[in-house]
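**Student:** The structure follows.
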Amino acid sequence: KPEAKIRKFARKIMGDHYDESIVHDLFTLNRADLIGSGTIDGSVSSKNQRLALIDQFEAMVSEELNRQEEEPLVMPVSGHDIMELGVPAGKQVGEIKNYLTEVYLGDINMSKTQLLNLAKTIIMTSK
């Protein structure tokens, strides 16, 4: 799912806050790197096509970041929920929560119940 990949990428860029200038700088650096490097097949058209793809990707990421600013994604499962499944406070709670977050970003229609069932499976297989 391309939307899921964009969501994950945008989340990694954004972290806890969104700064449009940083996102723009990232893509400007990517363009400069492409322009400054040699072409793969020696053709300018190939480089122009790749620049167009960078432009498209930047637009998609910016759109997702703006959407997340207006409607932040709220992870349905908390660390407390994971501890209620019997996992003691600590590193494992964070690891499970991070995994569930990645899964959720891939499919934001997953329910809390589905995510907790996945957490239970992870806990059972790690014993």
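The values are calculated or read from the model by the stated rules, or taken from the named source; none is laboratory data. Only a predicted model underlies this, so the values are computations on that prediction, with no experimental measurement involved. Using ideal geometry, Cβ is built from the backbone for each residue, glycine included, and neighbour counts are taken over all protein chains shown. For accessibility, only protein heavy atoms count, side chains too; no ligands or nucleic acids. Shrake-Rupley method; radii C 1.70, N 1.55, O 1.52, S 1.80 Å.
**Student:** Just to be sure, is E63 under 28 Å from N117 (Cα atoms), open to solvent by 30 Å² or more (accessible area, probe 1.4 Å) and among the acidic types (D, E)? Lay out the reasoning, then the answer.
**Tutor:** Details: under 28 Å from N117 (Cα atoms): no; open to solvent by 30 Å² or more (accessible area, probe 1.4 Å): yes; among the acidic types (D, E): yes.
So E63 does not fit the description; no.
**Student:** Here is a follow-up. Scan segment 5-25 and tell me whether some residue there is open to solvent by 50 Å² or more (accessible area, probe 1.4 Å) and either modelled with pLDDT of 80 or more or in contact with a Phe, Trp or Tyr (Cβ under 8 Å, 6 or more places away or on another chain) (or both).
**Tutor:** There is at least one residue in segment 5-25 that is open to solvent by 50 Å² or more (accessible area, probe 1.4 Å) and either modelled with pLDDT of 80 or more or in contact with a Phe, Trp or Tyr (Cβ under 8 Å, 6 or more places away or on another chain) (or both).
**Student:** Could you please let me know if K120 is within 19 Å of A4 (Cβ to Cβ) and assigned to a helix (DSSP H, G or I)? Give the derivation first.
**Tutor:** Values: within 19 Å of A4 (Cβ to Cβ): no; assigned to a helix (DSSP H, G or I): yes.
Judged against the criteria, K120 is not a match.
**Student:** Being at pLDDT 85 or above and open to solvent by less than 80 Å² (accessible area, probe 1.4 Å), is that true of even one residue in segment 37-50?
**Tutor:** Scanning segment 37-50 turns up no residue that is at pLDDT 85 or above and open to solvent by less than 80 Å² (accessible area, probe 1.4 Å).
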